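Since the structure comes first, as structure tokens, the remarks are kept for the end.
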Amino acid sequence: MDIVVAGRGDEALLLDLLNSTPVIDGVARDELADPVTAPAWLSSRDLGPANEQRMQELRDVRDALQDIVRGDRTPQALQPFLVGVGLFPALSDNGITWTLDTGKASPAAARAILAWDALRISSPGRLRPCANADCQLFLIDRSKPNTARWCSMAICGNRMKARRHYQRNKATTSD
């Protein structure tokens, strides 16, 4: 039986984590490796203070999740980040509430992994990399037909359409 335990906030954390290696002006950046942006990244998501161990664990889980979403690694790559992590139920008049106990593991890493798993179960194939080969971002396709291809239609979608248009026109003018 699959248990889905993640909220929209966890999905946002997952997407932010996956997208923490953007390409800006043709240069890949790592927002979690930069000593200036890393503490701000954590703080803006209420993930506590930055320290090198926490940042390294987030970078490692991010890299594993990126590879899994791209199909370059299996979910077994996440096992080291889940050691000591447990979900515990509590019954109330409103039903069951699940509590995440991360033990010594990173709470942010565990939440991101749970969000990835929840999407894998509830929305298979909807978490994917941007179709622009020059982009390193990811998207969650919430469209009904499940046809979104780009992280942003305004940026990558427009670039790809303009590139195809240019190639078509270039091919017809060179004939």
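Only the coordinates and a few stated rules stand behind these numbers; no lab work does. Just so it is clear, the model here is predicted, and its values are computed rather than measured. So basically every Cβ, Gly included, is an ideal-geometry build from the backbone, and we count neighbours across all protein chains shown.
Considering only alpha-carbon pairs that sit under 8 angstrom and 6 or more positions apart, the relative contact order computed for the chain is 24 percent. Residue by residue, segment 54-65 carries 3J(HN,Hα) couplings of 4, 5, 5, 5, 5, 4, 5, 5, 4, 4, 5, 5 Hz when phi is fed to the Karplus relation 6.51 cos²θ - 1.76 cosθ + 1.60 (θ = phi - 60°); x denotes Gly or Pro. Per-residue packing, averaged as other Cβ atoms within 10 Å, sorts the ranges 129-139, 85-95, 111-121, 26-36 into the order 111-121, 129-139, 26-36, 85-95, beginning with the highest.
Using every pair of distinct Cα positions in segment 8-173, the Kirkwood expression returns a hydrodynamic radius of 17.7 angstrom.
Converting phi to 3J(HN,Hα) with the Karplus coefficients 6.51, -1.76 and 1.60 and the offset θ = phi - 60°, segment 74-91 yields 8, x, 4, 5, 8, 3, x, 7, 10, 4, x, 8, x, 10, 10, x, 9, 8 Hz in sequence order, with x at every glycine or proline.
Rg and Dmax of segment 1-69, both derived from C-alpha coordinates alone, stand at 13.0, 45 Å. Placing unit charges on the Cβ atoms only, positive for Lys and Arg and negative for Asp and Glu, gives segment 8-173 a dipole magnitude near 1120 debye about its Cα centre. Cysteine residues of the chain whose Cβ has no partner cysteine Cβ closer than 4.7 Å: Cys156. With respect to the chain, whose longest principal axis is taken over its alpha-carbon atoms, helix 158-173 is tilted by about 20°.
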